[in-house]
Amino acid sequence: MNLFLLLLALFSVLPGSWARCFCKVTGSLDDCACDVETIDNFNNRNLFTKLQKLLSSDYFRFYKVNLNNPCPFWTDSGHCGLRDCAVKPCTANEVPEGLKSNTLVSVLTLLLFVLFSDETRQALLEWNRHDDEADRFCMHDDEDSPHAQYVDLLLNPERYTGYKGPEAWQIWNSIYEENCFKPYTVQRPLNPLVSSSRKGFYRWLEGLCVEKRAFYRLVSGLHASINVHLSARYLLADSWFERKWGHNVTEFQLRFDEELTKGEGPKRLRNLYFLYLIELRALAKVLPFFERPSFNLYTGQPEQDRENKELLLGLLHMAKSFPLHFDETTLFAGDKKEAAKLKDDFKLTFKNISRIMDCVGCFKCRLWGKLQTQGLGTALKILFSEKQIETLPQSSSSKPSFQLNRQEIVSLFNAFGRYNPIINTR
């Protein structure tokens, strides 16, 4: 049974815990024409089941990631030694042959470079790197690195691992304090479970431009999603004869209850809806990329690959039919020079956040943090590549004006899949 269907069952038994958190999450969302109820109805009736089926397929469940990158910002105090922080990578036999053949193609490409001179090879590498990274909003792992490994996401679920305390708080405080356009005069407590003592903590957002407000709300929504998952799959009992995972209502209330968070909890959940809306818009806009006859969800299983592409296209057409999409043209729409600089700042700041994920001491948390930041970064890349997507060639013989690699595709849909079941509990 899906995790959040279980969560719904729990809160139907304890309605007060859930109702106090969600009673304020109604009506219109800020900076867009959509409302919470429309999102609820659309997701529950049209998207939830299709997406969960798609994410269980081989193409989307195997994610290649490097969990051994060093922290680029501060001295790492060491990795979490708790057993639930560990990630179990796939063996060679567990990875579908089609996915392994993609790696082989990369190796052969590198071998061909031997035929070129040093100058030509370096020029090709720089050209390819610039061409590939110019529109990215996050850092990507090198899939050809010997440290990159395939991970089965279904066998390494996002859940509470015991990773907490100052080291975990440092991650989120570095994100909020240094990478969310927040004025230094606005204080945020070190412990994220402690609400701001200042009643006007969110008032500073009102003075920001719409782009910076959107950025903060996306990060807050991502944080809320992670906290909901950790509260829903919490280690309740750990002994030599039993390990029991379940719903920690107290932990959920500490993060989202209106009274306990002095009004911040419902705002965090509203930001989760905003995040969902942004990624839903990206799915609608990227449809032409996946509609091309030359694109395949290749795993080496022709019938399953064909069925999965049909399922994917049906899902994207449904996403496109949503009646109240976020209008991304309201972003970066002012003076062209100022808008371009703001967009570059936006992109650079989010890249920093994606790099901070390599500072997470818990490997399980690092895995899901990297995947979800990459998924959101891919969604932002799509939103601001409209012209490139519109001019995509239908033939694979021409160099496309817009590209998504498999890592981006898997992270995009799995990240959206993190918010999709939360909305489904409503």
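What to note about this one:
- The range 32-81: number of residues that are of a type in the set (S, T, N, Q) and part of a helix (DSSP H, G or I): 7
- If you check E307, E338, E259, E303 for being more than 24 Å from G369 (Cα to Cα), touching a helix residue (DSSP H, G or I) at 6+ places or on another chain (Cβ under 9 Å), open to solvent by 60 Å² or more (accessible area, probe 1.4 Å) and of a type in the set (D, E), only one passes: E259.
- Residue selected from the range 203-212 under the condition open to solvent by less than 40 Å² (accessible area, probe 1.4 Å) and more than 14 Å from E338 (Cβ to Cβ), by the criterion modelled with the highest pLDDT: L208
- Within the range 352-402, the set of residues being under 19 Å from N173 (Cβ atoms) and surrounded by fewer than 19 Cβ atoms within 10 Å (Cβ to Cβ) comprises N352, R355.
- Flag if E133 is modelled with pLDDT under 85, within 23 Å of the chain's Cα centre (by Cα) and crowded, with 16+ Cβ neighbours inside 10 Å: no
- Residues that are open to solvent by less than 20 Å² (accessible area, probe 1.4 Å), over 21 Å from R418 (Cα atoms) and not hydroxyl-bearing (S, T, Y), drawn from the range 140-177: A148, G165, N173
- Residue pairs whose Cβ atoms lie under 7 Å apart, separated by 6 or more positions or on different chains, with the first residue in the range 234-250 and open to solvent by 80 Å² or more (accessible area, probe 1.4 Å) and the second not in a strand (DSSP E or B), are L236/N248.
- Members of the range 316-339 that are among the charged types (D, E, K, R) and either touching a strand residue (DSSP E or B) at 6+ places or on another chain (Cβ under 9 Å) or closer than 18 Å to E386 by Cα (or both): K320, D327, E328, K336
- Checklist (1) at pLDDT below 95; (2) not in a loop (DSSP other than H, G, I, E, B) applied to L280, failing item: (1)
- Among the numbered conditions (1) farther than 24 Å from L287 by Cβ; (2) under 13 Å from the mean Cα position of the chain (by Cα), the only one that A339 does not meet is (2).
- Verdict on Y273 being open to solvent by 20 Å² or more (accessible area, probe 1.4 Å), on the phi < 0 side of the Ramachandran plot and of a type outside the set (K, R): no
- Residue match in the range 173-193 (condition: more than 22 Å from Q374 (Cβ to Cβ), out of contact with any Pro (no Cβ under 7 Å at 6 or more places or on another chain) and at pLDDT 85 or above): yes
- Residue check, N156 modelled with pLDDT of 85 or more and within 19 Å of S354 (Cβ to Cβ): no
- Looking only at the range 48-101, residues that are farther than 29 Å from Y234 by Cβ, polar (S, T, N, Q) and either modelled with pLDDT of 90 or more or surrounded by 18 or more Cβ atoms within 10 Å (Cβ to Cβ) (or both) come to 2 in all.
- Residue within the range 28-38 that is in contact with a strand residue (DSSP E or B) (Cβ under 9 Å, 6 or more places away or on another chain) and free of Cβ contacts under 8 Å to residues at least 12 places away in the same chain present: yes
The values are calculated or read from the model by the stated rules, or taken from the named source; none is laboratory data. If you're wondering where the values come from, they're calculated on a predicted model, not measured in any experiment. Note: ideal-geometry Cβ built from the backbone for every residue, glycine included; neighbour counts use all protein chains shown. Note: accessible area is taken over every heavy atom of the protein model, side chains too, but ligands, DNA and RNA are not part of it. Shrake-Rupley method; radii C 1.70, N 1.55, O 1.52, S 1.80 Å.
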